[in-house]
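Below: one structure, written as structure tokens.
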Amino acid sequence: MAAKPLDGVRVLDLTRILAGPFCTAILANLGAEVIKIEIPGKGDDSRAFTPHVHGESAYFMSYNNQKKSVTLDLKKERGKEIFLEMVKRSDVVVENFRTGIMEKLDIGFDKMSEANPNIIHASLSGFGSTGPFKERAAYDIIVQAIGGVMSLTGSEGGEPLRCGISIGDIGVGLYTAIGVVAALFGSERGQGGQQVDVAMLDCMVAFMGNYLSQYKVTGEIPLRIGNKHHSLAPFSSYKTADSVIVMAAGNDKLFSLLCKCLGREDLITDPRFATNMLRVKNKYDLDEILGNIFCTNTSLYWVRLFEAKGIPCGRVNTAKELIEHPYMWGQDMVLEVEHPVAGKFLTAGFPIKFSKTPCRIEKPAPVLGQHTREVLSKMLKMTDDEMRSLAESGIIGNVEAPIGKNEQADH
């Protein structure tokens, strides 16, 4: 395989569900060796999430490509010892436990630093490790609400809505991955190990930056306006004869092009729409005019017309239509990987394209404990007898069972 940017970096992944696994999947796709440490017999909570393919969770498989799975009980003394031995031979530890859990297990940053002064400890949590809410639990919907995002999401006059994707989880995963890469860069320059602490709520507030500034400048609280934009017009979704499209003509040049496309050059000089500021002020009048035009033809007609003129537009696709879209396959954004139990599995690709060190998803998510024997024998030089003894004690899972029968197998 071609070299990747993070080749040679080893990450111990203690995360589960979405926020942490999304972060470590980024690191794995960038070339890091990501060793996912899971509870024997159970694993990541998301392994139980439906739907399942031959017993393997589609949810879990979506966010854990390219990783290795090792089962290890961190509540047992020998399990902690093995973990700290792994820390000695690793570069990064990522976890998304509640604040204080790592210390309670006696494997917190201080303990890890004793084992490896250069270790980078990345922690994702709802409210961070130092703030007044540090001990509170959080889910995506909680931080979307507290962080103001729900106040802007939904139809005008309607109830606040959670964004359809878990942007609280995904946002903290992205920021943490950036933090880890920055800390690795700092370590290369002699800065040593450090903690990277990222809160879901902080990420939501960062996303809200423009709206905080708007409120400070105008004194007006930004409200839900559906698919319209607070600062640009026309910018919205529009019903066509057969479905829905979105279209954005956010500057004077694009607006002029749009008007000419529609045979409505009179709108260019209409005093209500002469500038973007005026168009935003009169967006309801403008959208009523455009809506009456768009409903006279199909989405395909309008998209082809606007694309030919360079006007940003698109159909509102379902997941099915997204998978079938030629762009996705041409960009390697929809891929098939071969899972040892689930078989051929469809997954989203990796969006960062490198010219010299390409990063393409090549390995599926692991079966629970799939790499326990491989990692412990190669990394810690353990013998089969030692591993069998650990398995009998419940510290690791059964290293003898084949893939698809239980949790452990080499593949």
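Picking from residues in region 128-183 that are charged (D, E, K, R) and under 27 Å from Ala28 (Cα atoms), the one that is farthest from the chain's Cα centre (by Cα) is Asp140.
Of the listed requirements (1) surrounded by 15 or more Cβ atoms within 10 Å (Cβ to Cβ); (2) without any contact (Cβ under 8 Å) to a residue 40 or more places away in the chain; (3) under 18 Å from Gly310 (Cβ atoms), Asp270 misses just one: (3).
Each residue in region 329-338 was checked for being within 25 Å of Pro366 (Cβ to Cβ) and either in a helix (DSSP H, G or I) or hydroxyl-bearing (Ser, Thr, Tyr) (or both), and 0 pass.
Would you point out which residue out of Ser243, Ser236, Ser213 is surrounded by 18 or more Cβ atoms within 10 Å (Cβ to Cβ), over 23 Å from the mean Cα position of the chain (by Cα) and under 30 Å from Cys313 (Cα atoms)? Every option except Ser236 fails the conditions. When residues in region 184-193 are screened for being at negative phi and more than 23 Å from the chain's Cα centre (by Cα), 6 of them pass. Contact annotation: residue pairs with Cβ atoms under 7 Å, 6 or more positions apart or on different chains, pairing a residue in region 247-262 that is without any contact (Cβ under 8 Å) to a residue 24 or more places away in the chain with a partner that is not in a helix (DSSP H, G or I), are Cys259/Glu265.
Evaluation of Asp197 against the conditions (1) under 30 Å from Asn116 (Cβ atoms); (2) outside any strand (DSSP E or B); (3) touching a residue at least 12 places away in the same chain (Cβ under 8 Å) shows that the sole unmet condition is (2). Just checking, does region 226-235 include any residue being assigned to a loop (DSSP other than H, G, I, E, B), in contact with an Asp or Glu (Cβ under 6 Å, 6 or more places away or on another chain) and outside the structural domain of Gly291 (by TED's automatic domain parsing)? Yes, that holds for at least one residue. The residues of region 236-258 that are among the aliphatic types (A, V, I, L, M), in contact with a Pro (Cβ under 9 Å, 6 or more places away or on another chain) and assigned to a loop (DSSP other than H, G, I, E, B) amount to a single one, Ala249. Screening Gly168, Gly173, Gly193, Gly179 for residues that are more than 29 Å from Lys88 (Cα to Cα), at pLDDT 95 or above and buried (at least 18 other Cβ atoms within 10 Å of the Cβ) leaves exactly one candidate, Gly168. Can you find a residue in region 139-161 that is assigned by TED's automatic domain parsing to the domain that holds Leu201, assigned to a loop (DSSP other than H, G, I, E, B) and charged (D, E, K, R)? Yes: region 139-161 contains one or more residues that are assigned by TED's automatic domain parsing to the domain that holds Leu201, assigned to a loop (DSSP other than H, G, I, E, B) and charged (D, E, K, R).
The values are calculated or read from the model by the stated rules, or taken from the named source; none is laboratory data. From a predicted model like this one, the values you see are computed outputs, not experimental measurements. Positions of Cβ are generated from backbone atoms using ideal geometry, with glycine treated the same way; all protein chains shown enter the neighbour counts.
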